[in-house]
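The values are calculated or read from the model by the stated rules, or taken from the named source; none is laboratory data. Bear in mind that the values here come from a model prediction, so they are computed numbers and not experimental data. Cβ placement follows ideal geometry from the backbone for every residue including glycine, while neighbour counts extend to all protein chains displayed. These area figures cover heavy atoms from the full protein model, side chains too; ligands, DNA and RNA do not enter into them. Shrake-Rupley method; radii C 1.70, N 1.55, O 1.52, S 1.80 Å.
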Amino acid sequence: MSHATPGTVHPLRGARLRDEGDKAPAVGRPGPLREDQVPRSVVVERRLTNRALVAWQNAPDNGIAAALSPFFDHSIVVRDPAGRAIIESVGGPVSARFGLVAGLELLRDPGLSEELVAAGELVALQPMPIPFEASVNDPMGAQMLVRGLALPLPEAGDPAALVQIVLSWREVLSKSAARRLRAELANAFADVQRLPPLAEPFPRRSRVGAALDVFDITKNKE
């Protein structure tokens, strides 16, 4: 996976990352882009967010939320994305990993929250899929590489009354955490007592001693 760029939001105008055998997009939805028109970071990630995009493209206008329900565990749904940006609901794994809670506002704090707000605002301005990527520092010292796809959910005539953001992430060690880990390993190995050297199971006589023995034996026989 390529390294995520903090604070980068890539609008994907009418994107559809299609696998062979996918159904044709529903009428009235944005059409597909050629692969060379899509940011490479989006092309590489052809798993969770790609399946969500295909489901959104193929869903009828009155069934988009139902079509995206299989992705709820790795999603956050935001109401009034261009205004207060209230967290309508959030999947369990997302809440546990990033501390997001339903009923609260998304704040423009540096990190993932800021990326979620920006993606929601872009969807509200032009209802279409918005992919993004971010690098998030974890309080425990790990670094999270996050990729997301913000999808508009219509309600009461508003094509983007809500935004469902599907997230996938990977965890890597930051430089500081890697340094701490190396230091801990060095200290642990320093406390290990060295074993005494093993005695030679088949000791050999020195050549000088062997020559003297042969000389003495020969002399005695004479």
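Only a single criterion out of (1) over 17 Å from the mean Cα position of the chain (by Cα); (2) crowded, with 16+ Cβ neighbours inside 10 Å is not satisfied by Phe132, namely (1).
Residues that are open to solvent by 30 Å² or more (accessible area, probe 1.4 Å), under 28 Å from Val172 (Cβ atoms) and part of a strand (DSSP E or B) do not occur anywhere in region 145-154.
Quick one: is Ala124 in contact with a Lys or Arg (Cβ under 8 Å, 6 or more places away or on another chain) and either within 30 Å of Leu68 (Cα to Cα) or modelled with pLDDT under 70 (or both)? For Ala124, the condition - in contact with a Lys or Arg (Cβ under 8 Å, 6 or more places away or on another chain) and either within 30 Å of Leu68 (Cα to Cα) or modelled with pLDDT under 70 (or both) - is not met.
Looking across region 57-71, the residues that are touching a residue at least 60 places away in the same chain (Cβ under 8 Å) and either of a type outside the set (Val, Ile, Thr) or touching a Lys or Arg at 6+ places or on another chain (Cβ under 6 Å) (or both) come down to Asp61, Ala65, Leu68, Phe71. Each residue in region 155-172 was checked for being within 21 Å of the chain's Cα centre (by Cα), over 13 Å from Ser75 (Cβ atoms) and either without any contact (Cβ under 8 Å) to a residue 60 or more places away in the chain or open to solvent by less than 60 Å² (accessible area, probe 1.4 Å) (or both), and 2 of them qualify.
Taking only region 53-87 into account, find how many residues are of a type outside the set (Gly, Ala, Ser) and surrounded by fewer than 16 Cβ atoms within 10 Å (Cβ to Cβ).
Qualifying residue count for the region: 6.
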